[in-house]
1. Which value in Å is the Kirkwood Rh of the range 39-89 over different Cα pairs?
2. May I ask you to give the solvent-accessible area per residue for the range 39-89, in square angstrom, as obtained with a 1.4 angstrom probe?
3. Remind me, relative contact order of the range 39-89 in percent, using alpha carbon pairs under 8 angstrom and six or more residues apart?
4. Probe radius 1.4 Å, ligands and nucleic acids left out: which of GLU88, GLU69, GLU57, GLU94 has the largest accessible area, and how do the rest follow?
Amino acid sequence: MELTKSEEPLPGPAVALVLLLCVSGMRAETARYSAPEEAERGSFVANIAKDLGLTGEELSARQARLVPEGGKQYLQLNQPSGDLVVRERMDREELCGQSEPCL
């Protein structure tokens, strides 16, 4: 009995299943934190590692990072500790102008 290689492509549902199995171990976490207006540089905001149930080493291994929506990076992540701290003072009027509410 001779085996031959099939040249037919996988059907759509089979491809979807393979992709689902490949990415099922991956996930993205989104978190939102707030800091008091004009908090001093270095002020503690939250411990992201603790909130996500991870260690600082796991944050580093997963290459955790902050992605600002604007041009300035107001917060800083200390990967070894998981602490989120104020990097630059935030001014409400500069960020939001006269819009209410300011989020």
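1. Working: mean 1/r = 0.0895 Å⁻¹.
Radius from the Kirkwood sum: 11.2 Å.
2. Working: 3460 Å² over 51 residues.
Ligands and nucleic acids excluded, the result is 68 Å² per residue.
3. Details: 79 pairs, mean separation 26.5, N = 51.
Computed value for the range 39-89: 52 percent relative contact order.
4. Values: GLU88 75, GLU69 165, GLU57 135, GLU94 105 Å².
My answer, sorted largest first, is GLU69, GLU57, GLU94, GLU88.
The values are calculated or read from the model by the stated rules, or taken from the named source; none is laboratory data. Just so it is clear, the model here is predicted, and its values are computed rather than measured. For accessibility, only protein heavy atoms count, side chains too; no ligands or nucleic acids. Shrake-Rupley method; radii C 1.70, N 1.55, O 1.52, S 1.80 Å.
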